[in-house]
Amino acid sequence: MDRRSLIKNAGIAGVLAAGIAPAVHAQAAVRWRLASSFPKSLDTIFGTAETFSKSVSDMTGGKFQISVHAGGELMPAFGVVDGVQNASVEMAHTAPYYFYGKDPTFCLGCAVPFGLNTRQMNAWMYEGNGLKLMRDFYAKYNIYNLPGGNTGAQMGGWFRKEIKSVADLKGLKFRTNPFAGRVLEPFGVIPQSIPGADLYPALEKGTLDALEWVGPYDDQKLGFNKVAPFYYYPGWWEGGPQLDFYINTKAWEGLSAEYKAIVTAAAAQANIGMTAKYDARNPVALKQLVGSGTKLRPFTQDVMNAAFKSAQQIYSDLNGSNPEWKKVYSDYSKFLADQNAWFRFTEGTFDRFMQQQKL
């Protein structure tokens, strides 16, 4: 009698008595640690790693356990690439653009100014060349990556004063991601890189003049509206920022084929779940923020145009100086052009119409 027939006819009790457990239970127990770049107070971003960990445990009958640790608990929030690379931890959950200083190519695995939106990013990763190209790049850091969530297009952030023109940016101490900071530097902005857990006191004390984090749901939880009245949009530097699960290459290769499939499935579930949570929760939070006095403002057209021009110059410079960047960006930018042409006829036209209707 073959294995399937035995399981069918003997039932689970008979199978266990015969010492022939289902394949997942035959796997060795695995214990990993995951270092997050985010604080526990954010149930969306930090919680995505917890969702992932629970799914892995559930699908392995508790055999594969991954403990999740907030930013700063095992290592600094921005130290997780080093932690995975040198195997201090088996994996991390982070935003790749935090590591612009190591190589701007990291940012293409997350978001770059005026880049792909959330759906387009998923398309490039899963159906385009995104995953292959980024994995080739990450290999030199001993990292195997899996998409680990997307916030959707973010807000432009909280400002103590109105930004009516490019001139108003001069001297502004602004917490943003490193790539956006480089785009803004020619206008006199002083970029700051500060972990999420430290943002409120920095804005309250005046160490920062402005900051951006994610969007209404998380921003409300962190209380930024209490110390800065103006809330700008859109976050043109991150139209669809993807978070990643970074896994140490040796740890990944040490998993069985079945455990690899389970980890991949759990990451995909977490990836979709994060976007769904933000899309469901941001509208309610935005209404509450406006109701409590927050002043919504769009970035002016001259700010948008100047930032776009600055970004394109940086991309051109990187193409000439960074072979890793050029290899990935040449594919990324072509995919973006094709996606924008398609979305212009479908999603864009439909969205513009619907947003003008009274529902």
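Observations
- Taking the chain and dividing mean pair separation by its residue count, relative contact order in percent (alpha carbons under 8 Å, at least six apart): 22
- Dipole magnitude for region 152-288: computed about the Cα centre from +1 point charges on Lys and Arg Cβ and -1 point charges on Asp and Glu Cβ, it is near 340 debye.
- Percentage, to the nearest whole number, of Cα pairs in region 60-119 over 18 Å apart: 47
- Between K287 and N340, the distance separating the two model label sites (each 7 Å from Cα on the Cα→Cβ line) works out to 3.4 nm.
- Within the accessible area of region 245-333 (1.4 Å probe), percent carbon and sulfur: 57
- Taking the C-alpha atoms only, the angle from helix 301-321 to the longest principal axis of the chain is near 60 degrees.
- Rounded D (µm²/s) - the chain, Kirkwood Rh over Cα pairs, Stokes-Einstein at 20 °C, 1.002 mPa s: 98
- Centroid-to-centroid, using Cα positions, region 313-359 and region 24-93 are 32 Å apart.
- Flagged links, alpha-carbon separation over 23 Å, of K164/K358; K40/K277; K63/K140: K164/K358; K63/K140
- Using only side-chain charges placed at the Cβ, +1 for Lys and Arg and -1 for Asp and Glu, the dipole size of the chain relative to its Cα centre rounds to 380 debye.
- For region 244-290, with +1 on Lys and Arg beta carbons and -1 on Asp and Glu, the positive-most of P283, A270, A257 along the dipole: P283
- Comparing D218, D244, D338 in a Gaussian network model of the chain (Cα springs below 10 Å), the most mobile by mean-square fluctuation is D338.
- Taking the protein heavy atoms of region 100-177 in the context of the full set of protein chains, the accessible area attributed to carbon and sulfur is 50 percent at 1.4 Å.
- Whole-number accessible area per residue in Å² for the chain, which is evaluated in the context of all protein chains at 1.4 Å: 45
- Taking region 26-67 and dividing mean pair separation by its residue count, relative contact order in percent (alpha carbons under 8 Å, at least six apart): 51
- Total charge dipole magnitude, region 42-149, about the Cα centre, Cβ charges on Lys, Arg, Asp, Glu only, Debye to nearest 20: 240
- Calculated SAXS-style log₁₀ I(q)/I(0) at q = 0.13, 0.16 Å⁻¹ - region 258-359, Debye, Cα scatterers: -0.97, -1.24
- When only alpha carbons of region 25-77 are considered, Rg and Dmax amount to 12.0, 37 Å.
- For the chain, leaving out every one of the GluC sites (Glu not before Pro) that falls in a DSSP loop and has at most 15 other Cβ atoms within 10 Å, the longest unbroken run is 163-359.
The values are calculated or read from the model by the stated rules, or taken from the named source; none is laboratory data. Because the structure is a prediction, the values reported are computed rather than measured. Here Cβ is always computed from backbone atoms with ideal geometry, including for glycine, and neighbour counts include all displayed protein chains. Areas reflect the complete protein model, heavy atoms only, side chains present, ligands, DNA and RNA absent. Shrake-Rupley method; radii C 1.70, N 1.55, O 1.52, S 1.80 Å.
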